[in-house]
Amino acid sequence: MTAYNRVFDAVLRETVPASSRRLCREIRKVLFADFEPRWVSENQKFDFSFSAPSLSAFRISVSDYGEKKRFEEKLTAIFSLFRGGANRAKLSDILGVMRGTSERHQTTFGLEWRDRALYPRLKVYFEELRDNYSLRERAQLLKNICAAAGLSMPAGTGKEDISAIGVDFMPGREIMLKSYLYSDWRNLGAADAAGLKSFLKIMTQERSSFFYKTLRYNREGAPQSHKLYKVYEVRQITDFSAAFAEIYSVLFEFGACKDVERLERYRGIAKINGSIWYPVLCAMDIDGRGKIKIDSYFSLRFP
């Protein structure tokens, strides 16, 4: 895990206040306890993600691959580090909703330390739902998660092709909901492309991919922003040059030249330490005020 630790520390130094770095490393210690290196070759076990342009944020996510039985214990231990700053009771309720069918989906923990904030956002995702649940079952899962989190059910839910459900635990104990809706790249319609034409025009080079349309909701179930993810089918890709080219092109398009330089530096750190730094996702996010940001996600594996 030397490559991971060095990239982790490089990103940490650039984005997290010095006073918070110890806590961030304590979280890393919990997440990677009893970690088996083979997991990163067998599966996309974790990733780093970055926002641009000019948005400083440290984000990592780690899945329960290889450790489903003890992953919930790790999440509870991480939430306990915040001494009331994270809603551990709600976490327990939400995990309880999904526990009975945990073998049918992937659970992922995310940490986002943005804009040199004092505390991070903690995130829990339930992924790969499309593979093992019917449309009706997925709508019911969303309803049950909303009830456990104390949130209103988003209006109009029931027929959407939900691929994943995310819950964000904000620093002030507020909870927000996200739903990820599957879309084949050939079937994106005009409504999906509204405000996203530049992104879609550039993101055409790597075809081993699909899209998520993501909606973020407030407590009352009203949408707060929309986001379009391009998701790479990483097991089908042997040469990531097309994926890198389109991600860097979209970053240049939106004035994030320095972010490209930073990503290349992390890529170099990974290579020096014998690992492969590869793209996982790229997304455009448009908030309620029309503000745009580009998020890119990368993981590491060993050849």
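Readers should treat all values here as calculations from the given coordinates under stated rules, not as data from a laboratory. This is a predicted model, so every value here is computed, not measured. Cβ: placed from backbone, ideal geometry, glycine included. Neighbour counts: every protein chain shown.
Here are some notes:
- The mean sequence separation of alpha-carbon pairs under 8 Å and at least six residues apart, normalised by the residue count of the stretch 143-300, gives a relative contact order of 19 percent.
- For the stretch 133-174, alpha-carbon Rg relative to the globular expectation (2.2 N^0.38 Å, N residues): 1.23
- Taken about its Cα centre, the chain carries a charge dipole of roughly 660 debye when the Cβ of each Lys and Arg holds +1 and the Cβ of each Asp and Glu holds -1.
- Extension gain, R104-S198: 0.36 nm per intervening residue step, less the Cα-Cα distance, totals 30.2 nm.
- Ellipsoid equivalent to the chain - semi-axes via the Cα gyration tensor, in Å: 26, 25, 20
- Under Karplus coefficients 6.51, -1.76 and 1.60, residue-wise ³J(HN,Hα) of the stretch 101-109 in Hz, glycine/proline x: 10, 4, 6, 9, 8, 10, 9, 10, 9
- Between F32 and D161, the modelled labels are 3.7 nm apart [label points 7 Å from Cα along Cα→Cβ].
- Annotation for A89 and D131: the two label points, set 7 Å from Cα along the Cα-Cβ direction, are 3.6 nm apart.
- Annotation: the residues D131, D295, sorted from fewest to most other C-beta atoms within 10 Å of their own C-beta, follow the order D131, D295.
- Equivalent ellipsoid of the stretch 1-72: semi-axes from √(5λ) of the C-alpha gyration tensor, largest first, are 23, 14, 11 Å.
- Residues L196, L177, L23, sorted so that the one with the fewest Cβ neighbours within 10 Å comes first: L23, L196, L177
- For the chain, the residue among T2, G100, I247 whose Cα projects farthest onto the positive side of the dipole built from Cβ charges is T2.
- Positive-end extreme of charge dipole, the chain - chosen from I27, S296, G110 (charges on Cβ): I27
- For the stretch 266-298, the residues whose backbone nitrogen is under 13 Å from a point 7 Å from the Cα of E253, taken along Cα to Cβ, are 282-285, 293-295.
- The order of W277, W39, going from fewest to most other C-beta atoms within 10 Å of their C-beta, is W39, W277.
- Note on the chain: helix-only mean residue ellipticity at 222 nm, from DSSP H runs of 4+ residues weighted -39500 (n - 2.57) and normalised by residue number, equals -11000 deg cm²/dmol.
- Of the residues L135, S198, V16, the one whose Cα sits farthest towards the positive end of the charge dipole of the chain is V16 (charges of +1 on Lys and Arg Cβ, -1 on Asp and Glu Cβ, taken about the Cα centre).
- Length-normalised contact order for the chain - Cα pairs under 8 Å, 6+ apart - percent: 18
- Rough spin-label spacing in nm, given labels placed 7 Å along Cα→Cβ, for R207 and A77: 4.6
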